[in-house]
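Chemist: Would you mind keeping the following structure in view while I ask a few things?
The values are calculated or read from the model by the stated rules, or taken from the named source; none is laboratory data. Only a predicted model underlies this, so the values are computations on that prediction, with no experimental measurement involved. Cβ coordinates were reconstructed from backbone atoms using ideal geometry, including for glycine residues, and neighbour counts include every protein chain displayed. Calculation scope for accessible area: heavy atoms of the full protein, side chains included, ligands and nucleic acids excluded. Shrake-Rupley method; radii C 1.70, N 1.55, O 1.52, S 1.80 Å.
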Amino acid sequence: MKTQVAIIGAGPSGLLLGQLLHNAGIDTLIVERQTPDYVLGRIRAGVLEQGTVELLREAGVAQRMDREGLVHEGVELLVGGHRQRLDLKALTAGKTVMVYGQTEVTRDLMQARELSGAPIIYAANNVQPHDIEGPRPYLTFDKDGRQHRVECDYIAGCDGFHGVARQSIPASVLKVYERVYPFGWLGLLADTPPVNHELIYAHHERGFVLCSQRSQTRSRYYLQVPLQERVEDWSDERFWTELKARLPQAVAEQLVTGPALEKSIAPLRSLVVEPMQHGRLFLVGDAAHIVPPTGAKGLNLAASDVNYLYRILVKVYREGRTDLLAQYSPMALRRVWKGERFSWFMTQLLHDFGEHQDDWDRKMQAADREYYLGSAAGLANIAENYVGLPFEAVE
Ligand code: APR
Ligand code: PHB
């Protein structure tokens, strides 16, 4: 097999990059380890920055999102029972976010891929990049009891945190930056109307809470829990009781409970690897960086990488601008680090660090909360980052 850009992974990164390149007349082949059902079974976050929304529109996959997604003009920050609305639109000269689940984004992208007729291979085992340092890289993978080989110009490693792409870059050239947090998030998805029309991020002495949503009839809630907590120990009833205990009474009274459609615990982690390119291999999305979910940046940073790599590759193929390839990593990383900073900051601001924090840190954290929530400049700072920082031009 032969293609121009071989893409490893059919998560949002790989599918979106594939769609944009296909529309631009560049051949791609996507190779995914799992089946489509498995990929669609993963419940992930659901807030899209304006730049992500625009990129999905540019890719021609936004019809359902524009119909069913919910445009949110604000979010609420709740500290010590005080509700502070962050008027995103007013604080950012008109920007908003779109509430539309990552699972739905992925579904739309998969459908578009199928309609385009461009090749995608699911349930491929043992995917392996080769000769990435030379001029003719290739991928191998096993499928239906045979080994296959894909020759290509470039490889996009869109295979997530546990993928093979990052591991195929020599450890001697890869620098890993990492922060692990001493807690996780227990998430619950339910077919109940959201407790509030906007998202609520709440700091509470029992731990952080997020009240999110997927639609007007589907809610997503999260509780900060200790790392050693097991999901089996959390009945639905225990979850709802704890959630109410961490919300002000007026909000708790509005809460509609119901059976969980999904419940899971995810640890929180910040991680970045540098560089995001080695030879003809480019890392995209979770393959290169992880953020804690508190800033709603995971999918948006993946889209940010796709935005840069797509625009660079188009110029490479149309204008012979191979000089731009070396710009991908520094350009993508400038935006990644700002997203990492914001995700780390929001996590730091709103969680309870318990014994992992000394008295000084606790006072600083409280002062940060008072400052940011009590100052127009502080609120504007959070809003600007939450809706997403601008992209640099690729030229
Ligand atoms: N070979 C082929 N495919 C692989 C391999 C492999 N060795 N390893 C992983 N994959 C596939 C996974 O099965 C998955 O479908 O790569 C895909 C990676 O998808 P994601 O993990 O969703 O990563 P990405 O597309 O970068 O999307 C980032 O996902 O985790 C969230 O917060 C994150 O929202 C962000 C988004
Ligand atoms: C979600 O809806 O799952 C969600 C929303 C916002 C976040 C994290 C998760 O910051």
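Here is a yes/no grid of residues against (1) at pLDDT 95 or above; (2) β-branched (Val, Ile, Thr); (3) assigned to a loop (DSSP other than H, G, I, E, B):
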{"residue": "His162", "(1), (2), (3)": "yes, no, yes"}
{"residue": "Arg179", "(1), (2), (3)": "yes, no, no"}
{"residue": "Leu186", "(1), (2), (3)": "yes, no, no"}
{"residue": "His197", "(1), (2), (3)": "yes, no, yes"}
{"residue": "Ala202", "(1), (2), (3)": "yes, no, no"}
{"residue": "Ser219", "(1), (2), (3)": "yes, no, no"}
{"residue": "Val225", "(1), (2), (3)": "yes, yes, no"}
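Chemist: Filter region 275-296 down to residues that are open to solvent by 10 Å² or more (accessible area, probe 1.4 Å) and within 16 Å of ligand 2 (Cβ to nearest atom) and give me whichever is farthest from Glu392 (Cα to Cα). Break it down stepwise before answering.
Modeler: Pass one, region 275-296, residues open to solvent by 10 Å² or more (accessible area, probe 1.4 Å): 275, 277-280, 286, 290-291, 293, 296.
Adding the requirement that they be within 16 Å of ligand 2 (Cβ to nearest atom) leaves 286, 290-291, 293, 296.
Numbers: Asp286: 21, Ile290: 21, Val291: 21, Pro293: 24, Ala296: 21 Å.
Among those that are open to solvent by 10 Å² or more (accessible area, probe 1.4 Å) and within 16 Å of ligand 2 (Cβ to nearest atom), it is Pro293.
Chemist: Oh, and also: Check whether at least one residue in region 358-368 is touching a residue at least 60 places away in the same chain (Cβ under 8 Å) and out of contact with any Ser or Thr (no Cβ under 8 Å at 6 or more places or on another chain), and report yes or no. Don't jump to the end; show me each part of the working.
Modeler: Initially, region 358-368 is screened for residues touching a residue at least 60 places away in the same chain (Cβ under 8 Å), giving none.
There is no residue in region 358-368 that is touching a residue at least 60 places away in the same chain (Cβ under 8 Å) and out of contact with any Ser or Thr (no Cβ under 8 Å at 6 or more places or on another chain).
Chemist: Still on this structure, I have one more. Quick check: is even one residue across region 368-379 under 21 Å from Leu271 (Cα atoms), assigned to a helix (DSSP H, G or I) and of a type outside the set (Asp, Glu)? First the steps, then the outcome.
Modeler: Initial filter on region 368-379 (under 21 Å from Leu271 (Cα atoms)): none.
Within region 368-379, none of the residues are under 21 Å from Leu271 (Cα atoms), assigned to a helix (DSSP H, G or I) and of a type outside the set (Asp, Glu).
Chemist: Of all the residues that make up region 1-36, how many are in a helix (DSSP H, G or I), open to solvent by 10 Å² or more (accessible area, probe 1.4 Å) and in contact with a Phe, Trp or Tyr (Cβ under 7 Å, 6 or more places away or on another chain)?
Modeler: 1
Chemist: Would it be correct to say that Arg214 is buried (at least 19 other Cβ atoms within 10 Å of the Cβ), in contact (Cβ under 8 Å) with a residue 40 or more places away in the chain and under 23 Å from the mean Cα position of the chain (by Cα)? I'd like the intermediate steps shown before the answer.
Modeler: Details: buried (at least 19 other Cβ atoms within 10 Å of the Cβ): yes; in contact (Cβ under 8 Å) with a residue 40 or more places away in the chain: yes; under 23 Å from the mean Cα position of the chain (by Cα): yes.
Yes; evaluated as a whole, the condition is true for this residue.
Chemist: Looking only at region 37-73, count how many residues are open to solvent by 20 Å² or more (accessible area, probe 1.4 Å), part of a loop (DSSP other than H, G, I, E, B) and either within 14 Å of ligand 2 (Cβ to nearest atom) or under 19 Å from Gly94 (Cβ atoms) (or both).
Modeler: The qualifying residues number 5.
Chemist: Quick check: is even one residue across region 25-34 within 14 Å of Glu114 (Cα to Cα) and either among the hydroxyl-bearing types (Ser, Thr, Tyr) or within 16 Å of ligand 2 (Cβ to nearest atom) (or both)?
Modeler: yes
Chemist: Quick one: how many residues across region 178-196 are touching a strand residue (DSSP E or B) at 6+ places or on another chain (Cβ under 7 Å) and either of a type in the set (A, V, I, L, M, F, W, C) or under 24 Å from Gln228 (Cα atoms) (or both)?
Modeler: Residues that pass the stated criteria total 13.
Chemist: Identify all residues within region 74-101 that are out of contact with any strand residue (DSSP E or B) (no Cβ under 6 Å at 6 or more places or on another chain) and either in a strand (DSSP E or B) or surrounded by fewer than 16 Cβ atoms within 10 Å (Cβ to Cβ) (or both); write none if there are none.
Modeler: Answer for region 74-101, where residues must be out of contact with any strand residue (DSSP E or B) (no Cβ under 6 Å at 6 or more places or on another chain) and either in a strand (DSSP E or B) or surrounded by fewer than 16 Cβ atoms within 10 Å (Cβ to Cβ) (or both): Gly80, Gly81, His82, Asp87, Ala90, Ala93, Gly94.
Chemist: Find the residue count for region 328-357, including only residues that are under 22 Å from Gly81 (Cα atoms), in contact (Cβ under 8 Å) with a residue 40 or more places away in the chain and outside any loop (DSSP other than H, G, I, E, B).
Modeler: The total comes to 6.
Chemist: Follow-up question, since we're still on this one. Of everything in region 353-377, what is surrounded by 17 or more Cβ atoms within 10 Å (Cβ to Cβ) and not aliphatic (A, V, I, L, M)? Give them in sequence order. Reasoning before the result, please.
Modeler: Taking region 353-377 and keeping what is surrounded by 17 or more Cβ atoms within 10 Å (Cβ to Cβ), we get 365, 369, 372-373.
Of everything in region 353-377, those that are surrounded by 17 or more Cβ atoms within 10 Å (Cβ to Cβ) and not aliphatic (A, V, I, L, M) turn out to be Gln365, Arg369, Tyr372.
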